[in-house]
Amino acid sequence: MDEVLRELSKVALGDRELADVLGEITAIAARAIPGAEAVSTTLIRGNKPFTAAYTGEMALMADELQYAEDGGPCLDAGRGGVVLRVDDMRTEERWPRYVARVRETQVRSSLSVPLPYQGSWIGALNIYSTRPEAFATPEALAAGLETAEAIAVAVANADAHARLLDDARNMRTAMESRAVIEQAKGVLMAERHVDAEQAFEILRQASQRYNRKLRDIATGIVAGTQAR
């Protein structure tokens, strides 16, 4: 447990790509969680799941079997916010379609831990082993919970960063729109001898008449003046 915390505390978020951060965290989990042989992170957005990072092909294979069947512990853990442990796939009775397929692989046990912060993304940390009851210890659960929290922090950080970029882009677009509208108003005021309010009304009416954005109408007027 202490080893997991020490390694997770060293993971830098900053401006790194989310895939890189999750890749580092899943690699730590594969090394440090008792019983882990393969680890993955499932993210779900708009009800569409995908494996955002994995260590070990067994994890990716087991994840994709669950996506194909739209059922399994990693999906139910992410969607339901519950920890789900499978001690032995040979005797497991939940998720019959997934279990029937995964029994043909080397996966014998798994632990799926939901991300504790549910935002625009939900998901789960998935841990797999070729041995039965590999995660039936308090240490494995505790380490899984700590790792899932680190993943959730990374996802929330990336989500917040994306929102900031969107806000910045929207603000820049709004400022550019306002500037070109003011330019177009100036053109109309000079050419038609109207005041600012009347110039704006001309733009508004043209926008409605031609079913085009006000900014596009204004851009056309300004461009037409510059082309003369």
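Bear in mind these aren't lab numbers, they're just calculated from the coordinates by the rules spelled out. If you're wondering where the values come from, they're calculated on a predicted model, not measured in any experiment.
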Original post:
So what are the ³J(HN,Hα) numbers for the range 146-153, from phi and the Karplus equation (6.51, -1.76, 1.60; θ = phi - 60°), rounded to whole Hz, Gly and Pro as x?
Top reply: 5, 5, 4, 5, 5, 5, 4, 5
Original post:
Amide H of Glu133: which non-local residues (sequence gap of 5 or more, or other chain) have their own amide H closer than 5 Å, using H built in the peptide plane?
Top reply: Asp88
Original post:
Evaluated at 10 °C with a viscosity of 1.306 mPa s, what Stokes-Einstein diffusion coefficient in µm²/s does the range 15-127 have when Rh comes from the Kirkwood expression over alpha-carbon pairs?
Top reply: 114
